[in-house]
Amino acid sequence: MLEMAGLRVPIISIVIGEGSSGGALALGVGNKVLMLENAVYSILSPEGYASILWKDSSRAKEAAEKMKMTAEDLYEMKIIDKIIKEPKGDLNESFLKVAESLKKEIKSTIKEMEKMSKDEIVESRYQKFRNMGEFEVINKK
């Protein structure tokens, strides 16, 4: 991931199903992270989280809710940059609509990043990574 963070070319990551574990961490290094609306993305599976936290993998559903691994949750925390809608209905037709949406986003991102220098591409990735998530400083006196 350290090597990837320093690449002087744009990186576009797309979560299309279930992104988890070390692979998910690497996806987060992208200049742009796109995610299908029904995909999930986390550093650990809900079963693994429940097993570690509660020693009970059967609490995976509860763990998934706490992990905030949906596209909407991750967008709110600035982990991902865009949610790609997934139409309901015929699978083949839905696939084509999603593919077209992804194509549009990829082209738009490339066009946007073509205007940037190599140093600006690396810096924008660094700043994006630094601004992910939220935290609260608690002063204990």
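The values are calculated or read from the model by the stated rules, or taken from the named source; none is laboratory data. Computed from a predicted model, the values in this text were never measured in an experiment. Glycine gets a Cβ as well: all are built from the backbone with ideal geometry, and neighbour counts include every protein chain shown.
Tabulated values for the structure
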read-out: Near pairs, Cβ below 8 angstrom, 6+ apart or cross-chain, from the range 70-97 (over 16 Å from ILE14 (Cα atoms)) to any residue that is assigned to a helix (DSSP H, G or I); value: PRO87/GLU93; PRO87/SER94; PRO87/LYS97; PRO87/VAL98; LYS88/SER94
read-out: In the range 27-59, the residues that are more than 19 Å from THR109 (Cα to Cα), among the small types (Gly, Ala, Ser) and within 16 Å of the chain's Cα centre (by Cα); value: ALA39, SER42, SER45
read-out: Search result, residues across the range 115-126 that are at pLDDT below 95 and either of a type in the set (Ser, Thr, Tyr) or loosely packed, with under 10 Cβ neighbours inside 10 Å (or both); value: SER124, TYR126
read-out: Residue match in the range 105-116 (condition: of a type in the set (A, V, I, L, M, F, W, C), more than 13 Å from LYS32 (Cα to Cα) and out of contact with any His (no Cβ under 7 Å at 6 or more places or on another chain)); value: yes
read-out: Residue list for the range 117-134, restricted to those being assigned to a helix (DSSP H, G or I) and charged (D, E, K, R); value: LYS118, ASP119, GLU120, GLU123, ARG125, LYS128, ARG130
